[in-house]
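Note sheet for the following structure.
A short reminder: the numbers here are calculations on the coordinates, not readings from a lab. Only a predicted model underlies this, so the values are computations on that prediction, with no experimental measurement involved. FYI the Cβ positions are ideal-geometry reconstructions off the backbone, even for glycines, and counts take in every protein chain you see.
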Ligand code: AVJ
């Protein structure tokens, strides 16, 4: 039997993830359509989810130090800019000594539009609607001699990669850089299990809605018939792997047809789809990760309210 070749990546990835043997999966990148991005923004305001506030606090506190360390001819590229609100203090500090050039890189056009609106007054903003590495390669091609490239990868998105993939990804970033260039990397740290679990299973149910929306998106874009009420949000912590996993658990035996992915999938009661893994770090693991990817960890700042580290890596 030959599977029909599918037109788009989303359809292909959904079919592959839901038909593999063992744990069914959906790639977490697909959580972020317009509804998903809006729900994620809401998550960042939840008292139980301190990650984004910690990230912002650290940037706010140390933007001046970072800018000073990098000199007066810096260009900035951000991987997954979102609306760019965390980035503002860095651009403001740079602007005190130079003209600001900022390349937000994101696959979401609406995020880029918001980012341009928010940050354009601070300098020249050149949005790149592309994947992280393709975008960064474009920036690397455009850079002029004498410029220092500062790459921002905030929000602990690095935690969505498997550990080996995280090394490979940072190595690929490093290949776009020259010695002396910088990467500011946000990493959420291991903390008490209860605190991590409630951050990904908040009592308001926003994270549950964020997670379930991926099935809604499949219904809307791939002409599927998931009954979202027959799935339940679940967060668990895998101590061994040091990661929070989000799952959607089937409440019943059910069959779902996903027409534009040309597939029919069945679920037994309590079977889950894994929709995201969010790895947590120990501080010394970040040092090692930096080293393996061709950087040295110049500085590491840790938030005093929510265990989270902002890391300044310098390409060697
Ligand atoms: C955007 C990947 C950093 O893993 O904490 C938030 C996504 N998922 N709540 C994270 C997320 C559930 C978030 N990252």
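Things to note:
- Taking the listed residues 84, 36, the one that is touching a helix residue (DSSP H, G or I) at 6+ places or on another chain (Cβ under 7 Å) and without any contact (Cβ under 8 Å) to a residue 60 or more places away in the chain is 84, with no other qualifying.
- Of all residues in the range 243-253, those satisfying the criterion of being surrounded by fewer than 18 Cβ atoms within 10 Å (Cβ to Cβ) and either within 14 Å of the ligand (Cβ to nearest atom) or farther than 17 Å from residue 207 by Cβ (or both) are 251, 252, 253.
- Residue, nearest to the ligand (Cβ to nearest atom), within the range 177-201, restricted to residues that are assigned to a loop (DSSP other than H, G, I, E, B) and either without any contact (Cβ under 8 Å) to a residue 12 or more places away in the chain or surrounded by 21 or more Cβ atoms within 10 Å (Cβ to Cβ) (or both): 200
- Filter pass, residue 301 being within 16 Å of residue 51 (Cβ to Cβ), under 21 Å from the mean Cα position of the chain (by Cα) and not in a strand (DSSP E or B): no
- Scope the range 44-70; condition away from the ligand (no atom under 16 Å from the Cβ) and over 23 Å from residue 112 (Cα atoms); matching residues: 61, 62, 64, 65, 66, 67, 68, 69, 70
- If you go through the range 147-161 and keep only what is crowded, with 20+ Cβ neighbours inside 10 Å, within 16 Å of the ligand (Cβ to nearest atom) and not in a helix (DSSP H, G or I), you end up with 152, 153, 154, 155, 156.
- Residue match in the range 86-95 (condition: in contact with a strand residue (DSSP E or B) (Cβ under 9 Å, 6 or more places away or on another chain), in a loop (DSSP other than H, G, I, E, B) and closer than 26 Å to residue 29 by Cβ): yes
- Just one of the listed residues (144, 113, 164) is in a loop (DSSP other than H, G, I, E, B) and surrounded by fewer than 16 Cβ atoms within 10 Å (Cβ to Cβ), and it is 144.
- Matching option when the condition is surrounded by 21 or more Cβ atoms within 10 Å (Cβ to Cβ) and within 16 Å of the chain's Cα centre (by Cα), among 94, 26, 58: 26
- Applying the condition of being surrounded by fewer than 18 Cβ atoms within 10 Å (Cβ to Cβ) and under 15 Å from the mean Cα position of the chain (by Cα) to the range 34-43 and asking which residue is farthest from the ligand (Cβ to nearest atom) yields 38.
- When residues of the range 254-275 are limited to those that are under 30 Å from residue 166 (Cα atoms) and not in a strand (DSSP E or B), the one nearest to the ligand (Cβ to nearest atom): 271
- Residue 45 vs. criteria free of Cβ contacts under 8 Å to residues at least 12 places away in the same chain and under 25 Å from residue 280 (Cβ atoms): yes
- Taking every residue in the range 128-145 that is touching a residue at least 60 places away in the same chain (Cβ under 8 Å) and pairing it with any residue that is in a loop (DSSP other than H, G, I, E, B), at least 6 positions away or on another chain, the pairs with Cβ-Cβ distances below 8 Å are 139/176.
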